[in-house]
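Student: Before I ask anything, here is the structure I am working with.
The values are calculated or read from the model by the stated rules, or taken from the named source; none is laboratory data. Keep in mind it's a predicted model, so treat the numbers as computed, not measured. Positions of Cβ are backbone-derived with ideal geometry, glycine not excepted, and every protein chain shown enters the neighbour counts.
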Amino acid sequence: MTEIDLEAENKAIAKEYKELLRISYQNLTDEDKKLIRKAFDVAVEAHSEQRRKSGEAYIFHPIAVAKIVASQIGLGSTGIASALLHDVVEDTDITISDIEKMFNPKIAKIVEGLTKIPKVKNEQEISLQAENFRKMLLTLNDDVRVILIKIADRLHNMQTMDGMADYKQAKIASETLYIYAPLAHRLGLYNIKTQLEDLGLKYTEPEVYADIFSKIKETKEEQDAYIKAISDVLGKSMLEEGIDFIIKGRPKSIYSIRRKMKAQGVTFDEVYDKFALRIIYKSNLHDEKFLAWKIYSVVTDHYRPSPSRLRDWISSPKSTGYEALHITVMGPMGRWVEIQVRSERMDEIAEKGYAAHYKYKNNATEENSLEIWLNQLKEALENSNNNAVDFVEDFKLNLYAKEIYIFTPKGEIKSLPKGATSLDFAFSIHSEIGVKTRGTKVNGKLVPLNYVLNSGDQVEIITSQNQKPTIHWLDYVTTARAKNKIKNVLNDNIKKIGEDGREILTRKLRHLKITLNENSINELVNYFKLQTSLDLFYRVGIGAIENQQLRDYAAQKSNTLVNFFKKTIKRNPSSYEEKIQKNDNTKKLDLLVFGTEQSKLEYKLSPCCNPIPGDSVFGFVTINEGIKVHKTDCPNAISLQSNFAYRIVQAKWIDSTQEEFNAILKITGMDVMGLTNQLTKVISNQMHVNIQSISLNTDAGIFNGQITVVVQNNMILKKLIENIKTVDGIDKVTRVYNN
C-alpha cells in the first residue's frame with residue numbers, strides 16, 4: 001500500500017471516530033470522551049497490522065460496532081469503549097488483565113464476556129457454537145452490555161459478509177436467526193431485530209429473499225401513494241384536534257412477510273397487511289394515554305377497525321417495556337392497514353429498548369437501571385446445569401413468546417408467555433407458592449394444573465404445606481422459570497442418584513472398552529432417546545438401563561460416524577463408481593451429491609420435512625444414522641446449522657429422471673358439482689401423475705382435501721399445483737409436511 005493510501009485511510013479512520021462521538025445517544029462528558037479516546041487509541045494500535053478479507057483496515061469493524069452501540073442501542077461511554085476493544089484480546093497479545101490495568105474492572109469484565117472460548121482439540125465432540133452462546137448468555141448475570149455489544153457485532157458482520165463462502169454465510173445467518181434476532185427482540189431492540197432477520201433470510205434462503213425484495217420494490221410506488229392517501233386524511237383531522245405529530249409509512253420486513261406466507265400458506269399478493277403506518281405524537285407523561293385514545297378516535301372516525309386486532313400495550317406494556325396502541329383498520333380499496341400509535345418517548349423505547357428506559361427515569365444511571373433490566377431476564381438462567389445445546393434451547397423458549405395478561409384474585413395484572421398454564425402462573429407469583437400448589441381456579445372454576453390460560457383470566461392458587469412437585473409437573477408447565485424451579489426441587493434427589501449413576505456407567509463402559517466423555521455421553525443420550533445427560537445417569541443409577549442395553553450400544557457403535565465416513569469417502573473411488581454404474585444398468589437412481597467434491601454418499605431423507613428432488617437441501621451427519629437430508633427451509637434447519645455447523649454437509653440434486661417421491665397436497669375451495677372428477681382428471685390424465693391416497697370432505701359448501709401424489713421432482717410438483725389451481729372452485733393448493 002502506498003503512503004498516499006495510508007494517509008487517506010488514516011483520515012477515514014479519524015472521520016469515523018468523530019462521527020462516533022457525534023451520533024452518541026447519551027450526553028458525553030469530558031471524562032467520557034477521554035475514556036472513549038483511550039479505548040480508540042488502544043484498539044487502533046492493537047489492530048494496526050490486521051486487515052479484513054475485503055482489504056480494509058480491521059479497525060473499521062470495531063468502530064462500526066461502537067457506532068451501532070452508541071446510536072442504535074444507545075449505550076454510554078463504558079459500552080462504547082468496550083465495543084472498540086471487543087476483539088483485542090481474541091486477536092492480539094493484549095490480555096484481560098492488561099485491559100483492567102489500562103481501564104477498569106467493569107470494561108475488562110465486558111471484554112472478557114465478548115471473547116470467544118478458545119478452540120479445543122476435540123472440537124468435533126462438542127458444539128462450540130452452543131458453548132459460546134451459553135458463555136454469552138450467562139454473562140447476563142454480570143452485565144447485559146455484553147449481549148448488547150455482541151448483537152451490534154453480529155449486525156455489522158451480517159452487513160459485511162457478501163464476499164464470504166456460501167457455507168459460512170449460511171452458518172452465520174442461521175446462528176443469527178436462531179439466537180441473536182430473538183435476543184434483540186427480547187431486549188426491545190426492534191429496529192436491529194428486523195435488520196438481523198432480513199439479513200438472516202438473505203443468506204439462508206437467498207432466492208426467497210430476492211423474490212420478496214423485488215416484489216416490494218415493484219409495488220413501492222403504489223404503496224407510497226396508498227399510505228399518502230391515508231396520511232393526508234388522518235393528518236388533516238389531527239391538526240384540527242391540535243395534536244402535534246408526524247406520520248411515517250413503514251413496509252413490513254421481508255422476513256415477516258415470508259413468515260406470514262409460510263404460516264398461512266399464501267402467496268406474496270395474498271399477504272394482506274404488507275405495510276403499516278406509525279403515528280408518533282408529542283406529549284407530556286401525564287397526557288400520553290389520553291392523547292393515544294384521542295388519536296384512536298380520529299382514526300376510527302375515518303376507517304372501520306377490526307375489533308379482534310386491537311392491541312393496547314399502553315395500559316399493559318410488554319415485558320420488554322414496549323408501549324404502543326396497534327389498530328388494524330379497513331383502508332381504501334378494501335385493504336387492511338395496521339396503524340401504530342406511539343408517543344415520542346414510547347417510540348424511543350421501541351427503537352432503543354433498554355437504553356431509553358433510564359433516560360426517562362428520574363436520577364437513573366446506566367448502572368442501576370441494568371439491575372432493573374436484568375431481573376426480567378435472570379429467570380431463564382437460574383438453572384445452567386444442562387449441556388450447552390439444551391441450555392440454549394431452554395433459554396430460547398421465552399425469547400419470542402407472545403404475551404398474555406392474567407389477573408390475580410386482588411385484581412393485579414401479571415404478564416406471561418402465550419401458552420402458559422395455571423401452574424406456570426403459580427410459579428410466576430413466587431417459587432414457594434408454585435411448589436406448594438395443590439389446585440388452581442380460573443374465573444372461579446376449579447381447573448387442572450395444566451389448564452392453558454387466556455388473556456384476561458383471573459387465577460386463584462390453592463396451596464398446601466404437604467404438596468410436593470412430581471415429575472409430571474414438567475409436562476404441565478411451559479415457562480423456563482417454572483421448569484427450572486420444578487427441576488431444582490426434583491433434582492436434589494435425582495442429582496445424588498445421577499452422581500452414583502455416572503460412576504456406575506464409567507465402570508460398566510470401561511469393561512466394554514469405551515471411555516465416558518462428552519461425545520459418548522451425547523451418543524448414549526441419543527441412543528436411549530433421552531433429553532439430557534442427567535436423565536441418562538439417573539436411569540443408570542436406578543437400574544432402568546441394564547447391562548445388555550449397554551452391550552447393544554457398544555455393538556452398534558462400530559457403525560458410527562468414523563466408520564460411516566471410512567466406508568463412503570475413503571473407499572476406492574473406481575469400485576464405488578462401478579457399483580453406481582451397475583445400479584444404473586437396471587435403474588437410473590436419483591442420487592444426491594455432497595460437498596464441494598460432489599461425492600456420492602449414502603443418505604436418508606429426513607421425515608420432518610420430506611425433501612424431494614429439486615428442493616434446496618443440505619446434509620446433516622447424525623451420530624447413529626449417517627447423513628440425513630433436510631430442506632433448507634425445514635423447521636429444524638436453523639437450529640441444526642446454528643448448533644452443529646461442523647456436521648453440516650453441502651448437498652444438491654444432480655438428476656431426477658427415474659426415482660419417485662411422495663408429496664402431500666392440501667386443497668381447499670368451494671364445493672362445485674363434479675369437482676372430484678375434475679381433480680382426478682387433471683392429476684392422472686393430463687399430468688400422468690399417480691395418486692397414492694386421497695381424502696376429500698365437504699362441509700356447508702366448503703371443500704377440503706388431502707391428496708398424496710407420486711412425483712419425480714419438484715418441477716413436476718409445481719406444474720401440478722398450478723394446474724390444480726385452474727380447476728373451477730379451487731381456492732388454495734399448498735404442499736404440507738409431516739410434523
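Student: Need a quick list: helices (runs of 4 or more DSSP H) entirely within segment 171-280 having at least 1 residues that are out of contact with any Lys or Arg (no Cβ under 6 Å at 6 or more places or on another chain) and among the polar types (S, T, N, Q).
Tutor: 190-204, 206-218, 220-240, 254-264
Let's see how each residue does on (1) among the small types (Gly, Ala, Ser); (2) out of contact with any Lys or Arg (no Cβ under 9 Å at 6 or more places or on another chain); (3) not assigned by TED's automatic domain parsing to the domain that holds residue 420; (4) not in a helix (DSSP H, G or I):
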site	(1), (2), (3), (4)
466	no, no, no, yes
471	no, yes, no, yes
483	no, yes, yes, no
502	no, yes, yes, no
515	no, yes, yes, yes
522	no, yes, yes, no
525	no, yes, yes, no
530	no, no, yes, yes
537	no, no, yes, no
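Student: How many residues, within segment 72-97, are crowded, with 17+ Cβ neighbours inside 10 Å and either among the hydroxyl-bearing types (Ser, Thr, Tyr) or closer than 14 Å to residue 39 by Cα (or both)?
Tutor: So the count comes out to 16.
Student: Are there strands (runs of 3 or more DSSP E) fully within segment 658-718 with at least 2 residues that are in contact with a Pro (Cβ under 8 Å, 6 or more places away or on another chain), at positive phi and surrounded by fewer than 18 Cβ atoms within 10 Å (Cβ to Cβ)? List them.
Tutor: Details: elements: 661-670, 690-699, 702-711.
Strands (runs of 3 or more DSSP E) meeting the threshold: none at all.
Student: Against the conditions (1) modelled with pLDDT of 85 or more; (2) closer than 17 Å to residue 152 by Cβ; (3) among the hydroxyl-bearing types (Ser, Thr, Tyr), where does residue 29 fall short? Just the number, please.
Tutor: Of everything listed in (1) modelled with pLDDT of 85 or more; (2) closer than 17 Å to residue 152 by Cβ; (3) among the hydroxyl-bearing types (Ser, Thr, Tyr), residue 29 misses just condition (2).
Student: For residue 479, work out the one condition from (1) within 32 Å of the chain's Cα centre (by Cα); (2) closer than 30 Å to residue 551 by Cα it doesn't fulfil.
Tutor: (2)
Student: If I ask for residues that are at pLDDT below 90 and farther than 25 Å from residue 413 by Cβ, which ones from segment 331-357 would you list?
Tutor: Within segment 331-357, 331, 332, 333, 334, 335, 336, 337, 351, 352, 355 meet the criteria.
Student: Here's something else I'd like to know. Go through segment 507-536 residue by residue and tally those that are β-branched (Val, Ile, Thr) and more than 24 Å from residue 622 (Cα to Cα).
Tutor: The number of residues fulfilling the criteria is 0.
Student: Let me ask something else about it. Working only within segment 13-57, note down all residues that are of a type in the set (A, V, I, L, M, F, W, C), in contact (Cβ under 8 Å) with a residue 24 or more places away in the chain and out of contact with any Lys or Arg (no Cβ under 7 Å at 6 or more places or on another chain).
Tutor: Hits for segment 13-57 are 13, 28, 35, 36, 39, 40, 42, 43, 44, 46.
Student: In addition: Test residue 196 against the stated conditions and say whether it is at pLDDT 90 or above, in contact with a Leu (Cβ under 9 Å, 6 or more places away or on another chain) and within 22 Å of residue 281 (Cβ to Cβ).
Tutor: Numbers: at pLDDT 90 or above: yes; in contact with a Leu (Cβ under 9 Å, 6 or more places away or on another chain): yes; within 22 Å of residue 281 (Cβ to Cβ): no.
It is false that residue 196 is at pLDDT 90 or above, in contact with a Leu (Cβ under 9 Å, 6 or more places away or on another chain) and within 22 Å of residue 281 (Cβ to Cβ).
Student: For the subset of segment 54-77 comprising residues that are farther than 16 Å from residue 153 by Cβ and out of contact with any Ser or Thr (no Cβ under 9 Å at 6 or more places or on another chain), which member is modelled with the highest pLDDT?
Tutor: It comes out as 56.
Student: Exactly one of (1) over 19 Å from residue 349 (Cα atoms); (2) in contact with a helix residue (DSSP H, G or I) (Cβ under 9 Å, 6 or more places away or on another chain) is unmet by residue 183. Its number?
Tutor: (1)
Student: Something else about it: Among the residues of segment 629-651, count how many are free of Cβ contacts under 8 Å to residues at least 40 places away in the same chain, outside any helix (DSSP H, G or I), among the charged types (D, E, K, R) and surrounded by fewer than 18 Cβ atoms within 10 Å (Cβ to Cβ).
Tutor: 0
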